[in-house]
Amino acid sequence: MITKHFFGSLEDGREIYSYMMKNANGMTVRICEFGGAIMEIRVPDRWGRMSDVVGGYDSLRDYVLGDGYLGALIGRVGNRICDGKYTLDGKEYTAFINNGKNSLHGGQVGFSHKIWSVKPIDGEEPRLVLTLVSPDGDEGYPGTLTVTVTYALLKSNALSIHYEATTDQRTIVNLTNHAYFNLGGYASGKVFDHVLQMDADRYLPTDDSLIPTGELRAVDGTPFDFREPKTIGRDFDMENPDIKIAGGFDHCFCFAGGETKEPVLRVEVYEPNSGRMMQVYTNQPAIQFYSGNFLNNPEHPLKGGYPQNLQALFCLETQKMPDSINHPNFDNIVLDPGEKYDYTTIYQFSVKN
Ligand code: GAL
């Protein structure tokens, strides 16, 4: 079932709506036209009690002015581009600098701050088809990029996100979603007890502006080794230069074997108090695991007035490696006319006793 709700008006008077999808189990997912943001995901715990497991805001104003990209779709290029500069076919481009000396998450008005057009397709597995046309030169990126993101709420209590894009000129694209999770409920405190497992054998160390140095470092013997399940908190305070720079986990993890044809299970997170588990399936080659190290802006409290709190939510952003365009040994994020950007990420929810 899909229902449409008025959410708020922008300063210029444009009305913004949200869409609530619900499946037969009572799981709900609410998506906003603004930023295509996931505003709410309600899933049962091991006793069947529903909680909202993603961070979000109560007011449109916070989505417009807040700096955390809560639940939003990210584009054209997720994460940071060093100095906002890159070269494509011998031509230098400058993406908008909005994070120290770097460009972050698509620039000044990235996809997280655009109004998406939403087509609801109701049914047993309700879907929302979001589209956006990003004009040639938008935020310093060449080519008209036509983007479709389909959110589907599956019978199995999964949220599937299918990303598609085409261009009319050679360009670069690296899309993701910036949902912040806490499987105990978004207002249940720090996430250190969550048990995380990731099929990632390498991670990307960064400089102090969080730009990858270019090295793909083996996770062996580091706090970044999540190949066997361990709590997020276990090695959080370990003396480690990479953790220190980022104030926690805020790193790209590269999946063993890289990109796959079909989505495969790559990440599993379990919250022992509620019993909730989330599994991430994707065909993307990497994931940014971010432990909410900037989440402390008192001006933009979360839903219900709950304050932002460091490490009280985490993101698992499937994508290609950050700043790939400036590192020949990283992923290819170039999209050519006639080619289709086509990736799927599935967040599967369940419980474990
Ligand atoms: C993450 C990024 C963080 C931070 C955050 C937004 O994707 O890795 O460094 O910028 O977005 O606050």
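The values are calculated or read from the model by the stated rules, or taken from the named source; none is laboratory data. Since this is a predicted model, take the numbers as computed values, not measurements. Don't worry about glycine lacking a Cβ; one is built from the backbone with ideal geometry, like all the others, and counts go over all protein chains shown. SASA here: full protein model, heavy atoms, side chains in, ligands and nucleic acids out. Shrake-Rupley method; radii C 1.70, N 1.55, O 1.52, S 1.80 Å.
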- Over region 164-204, the set of residues of a type in the set (Lys, Arg) and within 18 Å of Val269 (Cβ to Cβ) is Lys190
- Message: Looking only at region 141-151, count every residue that is open to solvent by 10 Å² or more (accessible area, probe 1.4 Å) and either at pLDDT below 95 or under 22 Å from the mean Cα position of the chain (by Cα) (or both) and tell me the total.
- Response: 3
- Message: Restricting to region 195-215, give me the number of residues that are in contact with a His (Cβ under 7 Å, 6 or more places away or on another chain) and surrounded by fewer than 18 Cβ atoms within 10 Å (Cβ to Cβ).
- Response: 1
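Which members of region 53-73 meet the condition of being within 11 Å of the ligand (Cβ to nearest atom) and aromatic (Phe, Trp, Tyr)?
Tyr69
In this structure, does Val280 turn out to be within 16 Å of the ligand (Cβ to nearest atom), in a strand (DSSP E or B) and among the aliphatic types (A, V, I, L, M)? Break it down stepwise before answering.
Values: within 16 Å of the ligand (Cβ to nearest atom): yes; in a strand (DSSP E or B): yes; among the aliphatic types (A, V, I, L, M): yes.
Taking the combined requirement at face value, the residue satisfies it.
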- Matching entry among Asp342, Asp331 (being modelled with pLDDT of 95 or more, open to solvent by 60 Å² or more (accessible area, probe 1.4 Å) and away from the ligand (no atom under 14 Å from the Cβ)): Asp342
- Message: Looking only at residues that are under 29 Å from Ser324 (Cα atoms) and of a type in the set (Gly, Ala, Ser) in region 256-300, which one is surrounded by the fewest Cβ atoms within 10 Å (Cβ to Cβ)?
- Response: Gly257
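Give the residue, chosen from Leu10, Leu65, that is more than 21 Å from Leu154 (Cβ to Cβ), more than 14 Å from the chain's Cα centre (by Cα) and open to solvent by 50 Å² or more (accessible area, probe 1.4 Å).
When all the criteria are applied, what remains is Leu65.
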- Is there a residue being at pLDDT 95 or above, hydrophobic (A, V, I, L, M, F, W, C) and within 16 Å of the ligand (Cβ to nearest atom) anywhere in region 292-301? yes
- Note on the structure: Filtering region 303-328 down to residues that are in contact with a strand residue (DSSP E or B) (Cβ under 9 Å, 6 or more places away or on another chain) and within 14 Å of the ligand (Cβ to nearest atom) yields Ala312, Leu313, Phe314, Cys315, Leu316, Glu317, Thr318, Gln319, Lys320, Met321, Pro322, Asp323
- Quick check: is even one residue across region 97-111 of a type in the set (D, E, K, R), at pLDDT 95 or above and away from the ligand (no atom under 15 Å from the Cβ)? no
- Message: Among the listed residues Ala246, Ala165, Ala187, identify the single one that is out of contact with any Lys or Arg (no Cβ under 7 Å at 6 or more places or on another chain) and open to solvent by 20 Å² or more (accessible area, probe 1.4 Å).
- Response: Ala187
- Message: Gln308 - would you say it is open to solvent by less than 10 Å² (accessible area, probe 1.4 Å) and polar (S, T, N, Q)?
- Response: no
- Give me a count of the residues in region 247-273 that are out of contact with any Ser or Thr (no Cβ under 7 Å at 6 or more places or on another chain) and away from the ligand (no atom under 16 Å from the Cβ). 16
- Out of curiosity, is Lys101 more than 27 Å from Thr148 (Cβ to Cβ), of a type in the set (D, E, K, R) and touching an Asp or Glu at 6+ places or on another chain (Cβ under 9 Å)? yes
- Query: In region 84-93, is there at least one residue being touching a residue at least 12 places away in the same chain (Cβ under 8 Å), within 21 Å of Asn297 (Cα to Cα) and surrounded by fewer than 24 Cβ atoms within 10 Å (Cβ to Cβ)?
  - Reply: no
- Item | Matching option when the condition is of a type in the set (D, E, K, R), touching a strand residue (DSSP E or B) at 6+ places or on another chain (Cβ under 7 Å), at pLDDT 95 or above and within 16 Å of the ligand (Cβ to nearest atom), among Arg42, Arg46, Arg76 | Arg76
- Task: Would you be able to tell me the number of residues in region 22-60 that are outside any strand (DSSP E or B), without any contact (Cβ under 8 Å) to a residue 60 or more places away in the chain and in contact with a Gly (Cβ under 7 Å, 6 or more places away or on another chain)?
- Result: 2
